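Take a look at the structure below.
Just so it is clear, none of the values below were taken in a lab; they were calculated from the coordinates. Given the structure is predicted, the values throughout are model-derived calculations rather than measurements.
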Amino acid sequence: MAKKRVAKKKLTRKKTKPEWPVTRNVMFRPERMKYVRRLIRPEGCVFCHALKEGVSPESLVLCENGQAMLMLNKFPYNSGHLLVLPKRHNGEFTEMTDSEMRDVNELMKIGVEVLTEAYRPGGFNMGLNLGSVAGAGIPEHLHWHILPRWAGDANFYPLIAETKVVIETLEQTYERLVPLIESRMTESRGLKSGHRQGAKS
Ligand SMILES: [Zn+2]
């Protein structure tokens with residue numbers, strides 16, 4: 001084995017050549033720092049933890065069916081960015097059972113329905129990042145994204161700073177979507193949901 005070369009470069013900076021960017025506009029939003037992924041290293045699987053907590057604004061879980069659940073993405077790219085995931089802790093797509101896929105698909109559909117009703121987006125990105133090299137933030141527990149899109153919603157912040165300014169808080173999104181999900185539950189589908197459990201409307 002070749003000996004690993006460790007190049008120790010002196011951390012001196014050339015004073016004559018300023019580093020990029022020379023000048024730029026800075027938007028100070030310190031409250032958004034909690035959404036910078038790299039700063040947050042939660043212990044254990046956050047999805048399994050959320051499942052254990054159950055449906056609530058704190059867990060961000062909006063509803064669940066037999067083997068899957070629908071929740072807000074804690075690090076939204078846009079307002080209304082949802083995740084659908086199997087309850088079982090599993091990172092292998094090929095190990096998904098037919099019944100798990102059916103339950104995931106049911107919640108994908110409900111997610112799109114309620115987002116359409118609540119936000120009227122122009123379109124959606126929906127899908128699964130399989131493996132960390134493909135962009136999965138938590139590759140050990142499969143999760144599908146439902147991302148509402150509007151014309152012109154892309155900006156440069158995620159590209160340069162992994163930070164996105166989202167105009168709505170997670171709490172506001174949760175409160176907006178839960179009644180829409182509850183109305184669908186009463187329609188038929190036998191979903192378990194709603195942080196207002198026990199409250200009759
Ligand atoms: Zn898990």
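With θ taken as phi - 60° and the Karplus curve 6.51 cos²θ - 1.76 cosθ + 1.60 applied, the whole-hertz 3J(HN,Hα) list for region 60-74 is 6, 6, 8, 6, 9, 10, x, 10, 9, 9, 10, 9, 6, 6, 5 Hz, x standing for glycine and proline.
Determine the shape class of region 45-192: with a ≥ b ≥ c the square roots of the Cα gyration tensor eigenvalues, call it rounded for a/c under 1.5, and otherwise prolate if a/b is greater than b/c, oblate otherwise. Oblate shape, in that a/c is at least 1.5 and b/c is the bigger or equal ratio.
Provide the gained length on full extension for the span MET126 to CYS48, in nm with one decimal, where the gain is 0.36 nm per separating residue minus the Cα-Cα distance. Provide the component values of the computation, followed by the final result.
Values: separation 78, 0.36 × 78 = 28.08 nm, distance 2.16 nm.
Contour length minus Cα-Cα distance gives 25.9 nm.
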